[in-house]
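Derivation of every value follows stated rules applied to the coordinates shown; laboratory data play no part. Note that the structure is predicted; figures quoted are calculated from it, not measured. All Cβ positions, even for glycine, are placed from backbone atoms using ideal geometry, and neighbour counts span all protein chains on display.
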Amino acid sequence: PVDRTPEMQASRQKLPIIGEEQVIMETINENAVIIVCGETGSGKTTQVPQFLYEAGYAHGGGIIGVTEPRRVAAISMSKRVAAEMNLTDREVSYQIRYEGNVTPDTHVKFMTDGVLLKEVQQDFLLLKYSTIIVDEAHERSVYTDILIGLLSRIVPLRAKPPVIKVDSRQYPVTIHFNRRTPDDYLTEAYRKTCKIHQQLAEGGILVFVTGQQEVQTLCRKLKKAFPHHKGQVLPNINLNNYSVEPTDEEAEMEQGDNSDARVFDPPPEGCRLCVVATNVAETSLTIPNIRYVVDTGKTKTKFYDKVTGVSTFRITWTSKASANQRAGRAGRVGPGHCYRLYSSAMFNDNFPQFSPPEITRRPVDDLVLQMKDMSIDKVANFPFPTPPDTDQIKAAETLLVSLGALSEPEKPKTFKAKVAKTAPTSKITALGRAMASFPIAPRYARMLAMGHQQELLPYVIAAVAALSVDQLFVEFQAPADAQNEDEDLKRRIQNINNVKRMWAGTGNSLLLGDLMVLLKAVGACEYEGLSPEFCARYGIRSKAMKEVRKLRTQLTNTVNMALPEVNLCVDPKLTPPTDRQAKLLRQIVATGLADHVARLMPDLPPGVEGDSKKHKHAYQCTELEDPVYIHPTSALYHKDKEYVVYQHIHETSRPYMKGVVAVEAE
Ligand code: ADP
Ligand code: MG
């Protein structure tokens, strides 16, 4: 029996999924696996857990588990469902990587997919749960994909899962294609948004662009065009201020630092709500009162070269499925309009049906290690919904063997085995198990496993925490449209780079390079109590720094659990390492990055034909034929140290090594 308030009851009644409760529950009762699909906003996430709860699924031994690909959704949905059911967060709770409010009284638990994946390792049958809801499964996040593969083994699959289609959005959305596809989609988005605001009836506008920089540029232009004064206002609320999972892509897109969710508040009287957002707003979060959607059709995605591992961000057309999701956001409160800033021919001919799942688009070393830790040795044979590239799996196994996490694959011993050509499998080692227990990439876990000597652990923990959080420093791009700001920005960037040089210091400290800068940044920020002003002045993302703090705490706890005799505590302020410690740290870092070594190329001898500019300060690494470079923002820029290791290579105007540390020649 759920005691909802009359208001909640009334607002639930409006959701299309409410009419399907009986069908959904009957289907769940009769089948092991079911799929529920329906438009964004139809009530899947908030209502299905309540249907299950009311049908007694949380009271027969076992709780209702809901996985989300993003932390923000796990947190906000647990709060929403608790509010709708008039229960507290002791009963409807959440768990994400660093924190949660689950209690023994929890009946409904929202969590990230990664959290449930970890739990499978302790409790393969997931006996704690009566039901698992895998939300946003269509997004095909890597962890969701693995979960589905595992669940397909955990739940003996019967026939074909029935599909229940929840009837679509409440109101029709009229799609307007541009006649031509403009080159400059951002200017076009600006123009269209102004036009809607000036000419069309009330209702919020939701604009989809590709990244933080674009959000800021567009917001600035809109604010300028419609300054905030009485009667005629266009407050813009940037969804990127909503705190979101820092996957690589999102960290690039979400450089905002406020985690308040102002998008859910009604706009001030006489104002129009305009939300400029990246594709985070496509699903998961329903922003109220949106009537107009302006869709650039673009999306920013991180690509990895399969052979070299070099990453780049590319702006591409989104998929038809996601364009339709975006359009659907306009039909929540009444009939809506979606303005697609591209032609229908472009949509038909150049938009893929679906976006490729994440698992096919990124390195898989962490997954392979997690799976080996679950004794899934033949990763290539695992029933993934979409398997990762076999070359990627091989590359991951090679790396893990070199890090000592996996044993060398056994050579076929018998003649019969040789003839059968069974692929050799490598098994997890004791070191590998220790590494798998840390919620960080295998390379960094390896560094951590080496650190428990010479009182280095606090530094290694801080270092791997900082390396694991993407983009601790804001990556500035000069706005193309503002001359004066350009000068200011240049000066600011110059100042920040000077501070970094100072932080790098001299001797072994300097040789520790970018890592030394990270360590000093962590210490300095903690000293200043993570003040947003301090972070802003030094070009540090305070949200990322908060992640580092949480990760340091978590890693410290994990180490203490594994090695109780160490009895580590977090000294937030972290006095800088001594010269000798810096030297040892360089060795530890080099072990984790042993396959990421680059050597300075000699300058071209005078008189030799060739591109001497290309050769100056250039490095040769093992993965690429072409030279790679040290970024101007790096502490080791133009220091011409002969050997360096790097975190990864990211290509912008040139292939740049990120996270560079100088090492000794072997
Ligand atoms: P779906 O999962 O099908 O996309 P949801 O269950 O997330 O749909 O949302 C159903 C409805 O609940 C939407 O109309 C949404 O506006 C409303 N809703 C969700 N979260 C909140 C919230 N925090 N505050 C107010 N309304 C919310
Ligand atoms: Mg949902």
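Observations on the model:
- Only helices enter the 222 nm calculation for the chain: every DSSP H run of n ≥ 4 contributes -39,500 (n - 2.57), and dividing by all residues gives -12000 deg cm²/dmol, rounded to 500.
- Across the stretch 650-655, computed HN-Hα scalar couplings (Karplus, 6.51 cos²θ - 1.76 cosθ + 1.60, θ = phi - 60°) run 10, 9, 10, 6, 9, x Hz from first to last residue, x flagging Gly and Pro.
- Beta bridges per DSSP with both ends in the chain, % antiparallel, nearest 5: 35
- Distances between every pair of Cα atoms in the stretch 562-666, grouped in 5 Å steps from 0 to the bin holding the largest one, split as 2, 11, 19, 19, 17, 11, 8, 6, 4, 2, 1, 1, 0 percent.
- The three principal axes of the Cα atoms in the stretch 508-610 give end-to-end lengths of 60, 38, 23 Å, sorted in falling order.
- For T558, T296, order by how many other beta-carbon atoms lie within 10 Å, fewest first: T558, T296
- Cα→Cβ-extended label distance, 7 Å offset, between M561 and R433, nm: 1.5
- Placing dummy labels 7 Å off each Cα toward the beta-carbon, the span from N289 to E625 is 5.9 nm.
- Proxy reagent accessibility, fewest Cβ within 10 Å first, across M77, M601: M601, M77
- Residue order, fewest to most surrounding Cβ atoms within 10 angstrom, among D113, D640, D488: D488, D640, D113
- Of the beta bridges in the stretch 275-408, as assigned by DSSP with both residues counted there, near 65 percent are antiparallel.
- In the stretch 3-104, Cα pairs under 8 Å separated by at least six residues give a relative contact order of 23 percent.
- FRET efficiency, 1/(1 + (r/R0)^6) with R0 41 Å, evaluated for E26 and K224 via beta carbons: 0.15
- Diffusion of the chain by Stokes-Einstein, at 10 °C in a medium of 1.306 mPa s and with Rh set to the Kirkwood radius over alpha-carbon pairs, works out to 59 µm²/s.
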